[in-house]
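*Asks:* One structure is given below, represented as structure tokens, and several questions about it will come after.
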């Protein structure tokens, strides 16, 4: 059974459509991401699931029960807020105990559960601290423990890593994934960071301008996007016209081979000139322009690229047509 | 070299900025206050003048506490009652302004503060005509048949609204309402709405949300409001004089009477110092255990 099911859920604010009718199912134990640029409706969706907002139409089912009109405190989901929203007047322990206490959990059970939740996020030694005495990463973990302790059907995370600095973000990303695997609770993550969504999710949904573009595994969405919007949002992309002239094909930059030799049997190719080389450490991003004035991007490891490659070099870009993918909804 | 030369200035500039205010307070407030101490231990030279002579006259204090103890108690009683009633009025009002006020917030706050812009003497006198024996409030009370109930409650005394404890407390409450309300609104405005969402998300209903989040986080404003209203109320002189009769006199009226009518400056000084000591004690008790930085003084 789906833990979360949205059926034709929509939300308007005045004349602004924040969310067009959206249908989405999230299964038990899934790490699911809602990905999109700001204003795409992903936070609206999360707030609708949490109950801070009511949809104009559609139904929201949580664990199979229609809870479209239920207030937030009657829903079996818990939210990790973007700024964590920890209670400043309560200790870490009391913050985590807030949910169970709301449900009048017996004392012994309460103490055991709070202790466990703090263990999961590896913070038991900071239980007596106040939130303002914690670092950003620690606050984040308290917020997570405060949600997990309720053993919810799903934990909703609103851009949880956005406020952290890049190194910490990477560490917390791994930790978030490890914790989700450990507890086995459904996580629904809202993010505008495609790397985050691609590396964490079992499945993700891409939203754009209040509309659901596509749902699938990270690999499906990256390699077989339905639309140009999804293709370009999930990574850099070469969008080439179909040989027939109708429609477009996606060619990811890492599928391009650069070199002096022309395309061989079963390959396709374009002659192009190097316009820019961007050294990125392990890889190099090569920006080219074809004879027919088409911009191209290729990404490859330094070891695979021709030695004498420099701006102005004339060479062939080759690819295997099997590695390209036809878009159903081309052109931005 | 340069660094060494800059150092003294760095050390002194906060004092330089403090100096004007500090000198003002010391010269015009601290020193006169200090002068009350020897005065309170003096005796009048004659019964017909204000000249005194310093004689270590400790019995001023005993005398003052013996004859004015009840009035002292009454003053604090009135002040506490007025503050309590003010709180019952101000807290829901502050909640409404904060959470339902929307863009009308500044206007609503302005409306509450508006009466304070008139002289508080004028306000007290207006109350006398409103509450007077032929005033509209008493007429309304009779029209509504509330006189029996209000007499039982002690609001009406001998058929009068004016010159009763109730009228004095009413006057005090009117005066202190803005001082209670403003710190409360400020404290409530400081509460991040996301904390309320977090509480709701963590399965707290509206009541638990209030008792566990809103109330504790508004407490600094509450303490500030209580101090800002309790202290002036306990030392109020105008309301008891205009709205109360001889039996509703408060401690400030007594001090005024001692000084200007009975020409007992030493006893007036002693009573002033006793009042200050009691109020300071109350403040210390209120603030004990919490830092002053918690006070969001407006």
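Here, each number is a calculation from the coordinates, and none is a lab measurement. These numbers were taken from a predicted model, which means no experiment stands behind them. When we count neighbours, we look across all protein chains shown, and the Cβ atoms used for this are built from the backbone with ideal geometry, even at glycine.
*Asks:* Mind pulling the per residue volume of the convex hull built on the Cα atoms of chain A? Å³ is fine. Intermediate results must be reported in sequence, preceding the final value.
*Replies:* Values: hull volume 55.7 nm³, N = 332.
That works out to 168 Å³ per residue.
*Asks:* Same structure again: Please check: in the Gaussian network model of chain A (C-alpha springs, under 10 Å), which one of A:192, A:89, A:73 has the largest mean-square fluctuation.
*Replies:* Most flexible of the set in this elastic network: A:89.
*Asks:* Also, I was wondering about something else. What whole-number volume per residue, in cubic angstrom, does the convex hull of the C-alpha atoms of the protein assembly as shown give?
*Replies:* Values: hull volume 182.2 nm³, N = 630.
Dividing the Cα hull volume of the protein assembly as shown by its residues yields 289 Å³.
*Asks:* Then there is this: How well do other chains shield peptide B:188-200, expressed as the mean number of their Cβ atoms within 10 Å of each residue Cβ? Could the numbers behind the result be given before it?
*Replies:* Numbers: counts 0, 0, 1, 1, 4, 1, 8, 7, 1, 8, 16, 7, 10.
Mean shielding by partner chains, rounded to a whole number: 5.
*Asks:* Remind me, relative contact order of chain B in percent, using alpha carbon pairs under 8 angstrom and six or more residues apart? Walk me through the intermediate numbers first.
*Replies:* On the way: 309 pairs, mean separation 79.3, N = 298.
Relative contact order for chain B comes out at 27 percent.
*Asks:* Go ahead and collect, in residue order, the members of region A:155-177 whose backbone nitrogen is under 11 Å from a label point 7 Å along the Cα-Cβ direction of residue A:195.
*Replies:* Within reach of a label on residue A:195, which here means backbone N under 11 Å from a point 7 Å along Cα→Cβ, region A:155-177 contributes A:166-171.
*Asks:* Using a 10 Å cut-off on Cβ to Cβ distances, tally the other chain neighbours for every residue of A:123-132 and report the average as a whole number.
*Replies:* Working: counts 0, 0, 0, 0, 0, 0, 0, 0, 0, 0.
Taking the mean over all residues of the peptide, I get 0.
*Asks:* To continue, here is another question. For chain A, find the longest principal axis of its Cα atoms and tell me its angle to the long axis of helix A:92-102, 0 to 90°, nearest 10.
*Replies:* Tilt of helix A:92-102: around 70 degrees.
*Asks:* If I take R0 = 41 Å and measure r between the Cβ atoms of residue B:17 and residue B:247 in this structure, what FRET efficiency does the formula 1/(1 + (r/R0)^6) give, to the nearest 0.05?
*Replies:* Values: r = 50 Å, r/R0 = 1.21.
The pair residue B:17/residue B:247 has a calculated efficiency of 0.25.
*Asks:* Rounded to a whole number, what is D in µm²/s for chain B from Stokes-Einstein with the Kirkwood radius over alpha-carbon pairs (10 °C, 1.306 mPa s)?
*Replies:* Values: Rh = 22.6 Å.
Rounded, D is 70 µm²/s.
*Asks:* On a 0 to 90° scale, report how tilted helix A:136-148 is relative to the longest principal axis of chain A, with both axes built from alpha carbons and the result rounded to the nearest 10.
*Replies:* 60
*Asks:* So if R0 is 60 Å, what FRET efficiency would residue A:162 and residue B:276 give, r being the distance between their Cβ atoms, rounded to the nearest 0.05? Spell out each step's value before the answer.
*Replies:* On the way: r = 54 Å, r/R0 = 0.90.
So, using R0 = 60 Å, E works out to roughly 0.65.
*Asks:* Pop a pseudo-label 7 angstrom from the Cα along the beta-carbon direction at both residue A:25 and residue B:100 and give the gap in nm to one decimal.
*Replies:* That separation, rounded to one decimal, is 4.4 nm.
*Asks:* Then there is this: When a/c is below 1.5 the answer is rounded, else prolate if a/b is larger than b/c, else oblate, so apply that to region A:1-147 with a ≥ b ≥ c taken from the square roots of the Cα gyration tensor eigenvalues.
*Replies:* Numbers: a/c = 2.31, a/b = 1.77, b/c = 1.30.
Because a/c hits 1.5 or more and a/b exceeds b/c, region A:1-147 counts as prolate.
*Asks:* Can I ask one more? Could you order the peptides B:199-205, A:247-253 from most to least packed, using the average number of other C-beta atoms within 10 Å per residue? Please report the intermediate quantities before stating the final value.
*Replies:* On the way: B:199-205: 23.7, A:247-253: 20.6.
My ranking of the peptides, most packed first, is B:199-205, A:247-253.
*Asks:* A further question on this structure: Could you work out how far apart the two model spin labels at residue B:134 and residue A:15 are, taking each label as a point 7 Å from the Cα in the direction of the beta carbon, and quote it in nm?
*Replies:* Label-label distance for residue B:134 and residue A:15, simple model: 6.3 nm.
*Asks:* Then there's this: Between residue B:283 and residue B:257, what FRET efficiency comes out of the Förster formula 1/(1 + (r/R0)^6) with R0 = 30 Å and r the beta carbon distance, rounded to 0.05?
*Replies:* Numbers: r = 26 Å, r/R0 = 0.88.
Efficiency computed from Cβ-Cβ geometry: 0.70.
*Asks:* Tell me the relative contact order for region A:2-229 as a rounded percent, counting alpha carbon contacts under 8 Å between residues six or more apart. Can you show the working numbers first?
*Replies:* Numbers: 442 pairs, mean separation 64.8, N = 228.
About 28 percent, as a whole number.
*Asks:* Mind pulling the angle between the C-alpha long axis of helix A:166-183 and the longest principal axis of chain A? Nearest 10 degrees, somewhere in 0 to 90.
*Replies:* It works out to around 60 degrees.
*Asks:* On to the next question. Go ahead and estimate [θ] at 222 nm for chain B from helices alone: -39,500 (n - 2.57) per DSSP H run with n ≥ 4, summed, over the residue count, rounded to 500.
*Replies:* Values: 14 runs with 209 residues, N = 298.
So the calculated ellipticity at 222 nm is -23000 deg cm²/dmol.
*Asks:* Averaged across A:77-87, how many Cβ atoms of other chains sit within 10 Å of each residue's Cβ atom? Each step should come with its number before you reach the end.
*Replies:* Working: counts 1, 4, 6, 2, 6, 1, 4, 2, 10, 2, 8.
Rounded to a whole number, the mean comes out at 4.
*Asks:* May I pose another question? Treat each spin label as a single point 7 Å out from the Cα along the C-beta direction, and report the residue A:293 to residue B:46 distance in nm.
*Replies:* In this crude spin-label approximation the distance works out to 11.4 nm.
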